[in-house]
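Asks: Have a look at this one before I ask anything.
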Amino acid sequence: MNPAGTAVKHTRAGKVGRQGAKALFAFAARSLQQAATLLVTLLAARFLPPAQYGTYSLAIVFIVLVQTMTYTGFYQFILTAKEDDAAVLSTCFWLILGLASLASAGLALAAFPLEWMFQAKPLGTVLVLLALVQPLASFGAWSSAALLRSGAITRNFAVMFAQNLAALTGGAFLLWHWHSVFALVAFRYLRVVTGAALHAMLGCDRPRMIFRRDLAGKAAAFSAGLYGSRLLNFLARYAADLMLGMLHSPAAVGLYRFGNRIATGATDIINQPMSSFAATQFGSAGRQDKDLATPLSRFAGTITLLSGIVGAVVIVFARDVIEIFFRSSYLPALVVTYAMALRGAASAGQLLVEPAFAAIGRTGWVMIFDMVSAAVAVAAIFAASPFGLEALAWTQVLVVLGTTVWAFWLLHWRGTVRVGGAIRNFAAALVLSGCYGIVLHAGRRVLSTLPFGRLEALGLGLALAAIAGLALVALATRLRVFSFQAFSG
């Protein structure tokens, strides 16, 4: 017996255990934001008719645009820039704050004209209220990037977790007692104010009166492609809401956004946190001049498998959930739910283009990719919108699958990144997710023949989904399709 060897093994096991615990907490913290938004908006759908829900959904489309611009470009420059920390952080703070303030002012001015255009009251008032708080939200974005740059990853996750737990609790309470779109506005305020307060207390840095023009110019050049690509990506993702609002009614938007929210809200619980992990790991690899093929393969398989698992659960159990918990007027949204669940599982390539090209400093190709992808997606939306929700939803699935394939090809062609392993993992994860969905469907059919109430059968089905999901992750890990290393900061 070798005591020294045993001690080393225990030390390694303890280190692995601590890393696993940190990874689990990080994922939970990042997922909670998506989960909070999903649960609160679904609770709103329980109390609000499709027309009112559609009015709020239209407002959120424009707020998401402001938030998207806040969390990209200058935000990613903070993560990847090799210059002095103090200069990068202070310069980028003023850039981010200025961008958010200008965008918010523009949105506030356009609020009531948009209400008139969409014929959706009280859209103007909701937009003004949400726009006013966006400059404060930009402070949280900057502080989060500063924490990630300094390596204080666990602290960033702790702030994120506390912020979203407070928003979820407060938002659910508000909606339960105040059946109004303004309860959702209050939920957004609660999230922003809580986050800003926590970042002010726990952040690792404070804004300084430093603004280097040369560094600002470099940050602007770096960010231009990313901002352009995010704008185009926004149009591809939300043009359907805008088209339905203009061509049909807020109720049509409500149905589409509800069906979309069930699916993408669930898959975004996976995709958004994984996108953040990818940005951090690709940024680190880029600063150290490491081969990007390894993280690309790791994330392609892991993201696709996890989003595929969630998508399968959504497809199998969505009808039961709507019939038990929501108004029957939302059942026509099911076709959108099924399509968007598949779209989320097929989007890994799209998610990885931006962090990969940002890591090698070729963000112009991100804009080119998103420009072409968005042009195709928007054209498809315009072509499919007159044929109703079903055609609109399934068209988007085909577009996303095609652009994911193109994403891998572009990374190989212009990024000179080896993509063979990533394509293998992507395809294998899709196959494994499909098999998982078949197992869940068979299990649900069996449960429907047993003497259980609908709620009990749903609970048992979800328990089966959890057990089968853990087994699938274990199998995928052995096949090297799934990797827990993707959850490290």
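Asks: For segment 442-489: of the residues being hydroxyl-bearing (Ser, Thr, Tyr) and part of a helix (DSSP H, G or I), which is farthest from Gln272 (Cα to Cα)?
Replies: Ser448
Asks: Okay, moving on. Go through (1) at pLDDT below 90; (2) over 23 Å from the mean Cα position of the chain (by Cα); (3) open to solvent by 20 Å² or more (accessible area, probe 1.4 Å) and name the single condition Val378 misses.
Replies: (2)
Asks: Shifting gears a bit: Can you pull out the residues in segment 239-264 that are crowded, with 21+ Cβ neighbours inside 10 Å and not aliphatic (A, V, I, L, M)?
Replies: Answer for segment 239-264, where residues must be crowded, with 21+ Cβ neighbours inside 10 Å and not aliphatic (A, V, I, L, M): Asp241, Gly245, Pro250, Gly254, Tyr256, Arg257, Phe258, Gly259, Asn260, Arg261, Thr264.
Asks: Quick one: count up the residues across segment 42-54 that are open to solvent by 10 Å² or more (accessible area, probe 1.4 Å) and in a helix (DSSP H, G or I).
Replies: 7
Asks: Among the residues of segment 317-344, which ones are within 11 Å of Val397 (Cβ to Cβ) and open to solvent by 60 Å² or more (accessible area, probe 1.4 Å)?
Replies: Hits for segment 317-344 are Tyr338, Leu342.
Asks: In segment 276-311, what residues are among the charged types (D, E, K, R) and either under 15 Å from the mean Cα position of the chain (by Cα) or modelled with pLDDT under 90 (or both)?
Replies: Of everything in segment 276-311, those that are among the charged types (D, E, K, R) and either under 15 Å from the mean Cα position of the chain (by Cα) or modelled with pLDDT under 90 (or both) turn out to be Arg287, Asp289, Lys290, Asp291.
Asks: Would you pick out the residues in segment 276-308 that are open to solvent by 20 Å² or more (accessible area, probe 1.4 Å) and within 18 Å of Leu401 (Cβ to Cβ)?
Replies: Leu306
Asks: I would also like to ask the following. Report yes if Ile368 is under 30 Å from Leu472 (Cα atoms) and open to solvent by 20 Å² or more (accessible area, probe 1.4 Å), otherwise no.
Replies: Spelling it out, it is not the case that Ile368 is under 30 Å from Leu472 (Cα atoms) and open to solvent by 20 Å² or more (accessible area, probe 1.4 Å).
Asks: Suppose we keep only residues that are closer than 14 Å to Phe211 by Cβ and in contact with a Leu (Cβ under 8 Å, 6 or more places away or on another chain) within segment 66-88. Which one would you say is most open to solvent (accessible area, probe 1.4 Å)?
Replies: Among residues in segment 66-88 that are closer than 14 Å to Phe211 by Cβ and in contact with a Leu (Cβ under 8 Å, 6 or more places away or on another chain), the one most open to solvent (accessible area, probe 1.4 Å) is Glu83.
Asks: Inspect segment 109-124 for any residue being in contact with a Lys or Arg (Cβ under 9 Å, 6 or more places away or on another chain), of a type outside the set (Lys, Arg), closer than 22 Å to Ile262 by Cβ and open to solvent by 10 Å² or more (accessible area, probe 1.4 Å) and give the result as yes or no.
Replies: No, because not a single residue in segment 109-124 is in contact with a Lys or Arg (Cβ under 9 Å, 6 or more places away or on another chain), of a type outside the set (Lys, Arg), closer than 22 Å to Ile262 by Cβ and open to solvent by 10 Å² or more (accessible area, probe 1.4 Å).
Asks: To continue, here is another question. Find the residue count for segment 109-150, including only residues that are more than 25 Å from the chain's Cα centre (by Cα) and part of a helix (DSSP H, G or I).
Replies: Counting residues in segment 109-150 that are more than 25 Å from the chain's Cα centre (by Cα) and part of a helix (DSSP H, G or I) gives 12.
This table checks each residue for (1) within 26 Å of Ser347 (Cβ to Cβ); (2) of a type in the set (Gly, Ala, Ser); (3) under 23 Å from the mean Cα position of the chain (by Cα).
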position	(1), (2), (3)
Ala427	yes, yes, yes
Leu440	yes, no, no
Arg444	yes, no, no
Leu455	no, no, no
Leu458	no, no, no
Gly461	yes, yes, no
Ala468	yes, yes, no
Ala474	yes, yes, no
Phe484	yes, no, yes
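Asks: As an exercise: evaluate Leu352 against (1) at pLDDT below 85; (2) open to solvent by less than 10 Å² (accessible area, probe 1.4 Å); (3) out of contact with any Gly (no Cβ under 9 Å at 6 or more places or on another chain) and give the number of the one condition it does not meet.
Replies: (1)
Asks: Ok, one more. Counting only residues that are basic (Lys, Arg), closer than 22 Å to Asn425 by Cα and loosely packed, with under 14 Cβ neighbours inside 10 Å, how many does segment 447-489 have?
Replies: 1
Asks: Among the helices (runs of 4 or more DSSP H) confined wholly to segment 340-413, which include 2 or more residues that are free of Cβ contacts under 8 Å to residues at least 40 places away in the same chain and under 25 Å from Ile78 (Cβ atoms)? I'd like the intermediate steps shown before the answer.
Replies: On the way: elements: 348-359, 363-384, 389-413.
Of the helices (runs of 4 or more DSSP H) lying wholly inside segment 340-413, none has at least 2 residues that are free of Cβ contacts under 8 Å to residues at least 40 places away in the same chain and under 25 Å from Ile78 (Cβ atoms).
Asks: Next question. Is it true that Thr91 is assigned to a helix (DSSP H, G or I), open to solvent by 30 Å² or more (accessible area, probe 1.4 Å), β-branched (Val, Ile, Thr) and in the same structural domain as Leu190 (by the TED database)? Steps first, answer last, please.
Replies: On the way: assigned to a helix (DSSP H, G or I): yes; open to solvent by 30 Å² or more (accessible area, probe 1.4 Å): no; β-branched (Val, Ile, Thr): yes; in the same structural domain as Leu190 (by the TED database): yes.
Considered against the rule, which asks whether it is assigned to a helix (DSSP H, G or I), open to solvent by 30 Å² or more (accessible area, probe 1.4 Å), β-branched (Val, Ile, Thr) and in the same structural domain as Leu190 (by the TED database), Thr91 comes out as no.
The values are calculated or read from the model by the stated rules, or taken from the named source; none is laboratory data. Since this is a predicted model, take the numbers as computed values, not measurements. Cβ: placed from backbone, ideal geometry, glycine included. Neighbour counts: every protein chain shown. To get the accessible areas, we keep the full protein, side chains included, count just its heavy atoms, and leave off ligands, DNA and RNA. Shrake-Rupley method; radii C 1.70, N 1.55, O 1.52, S 1.80 Å.
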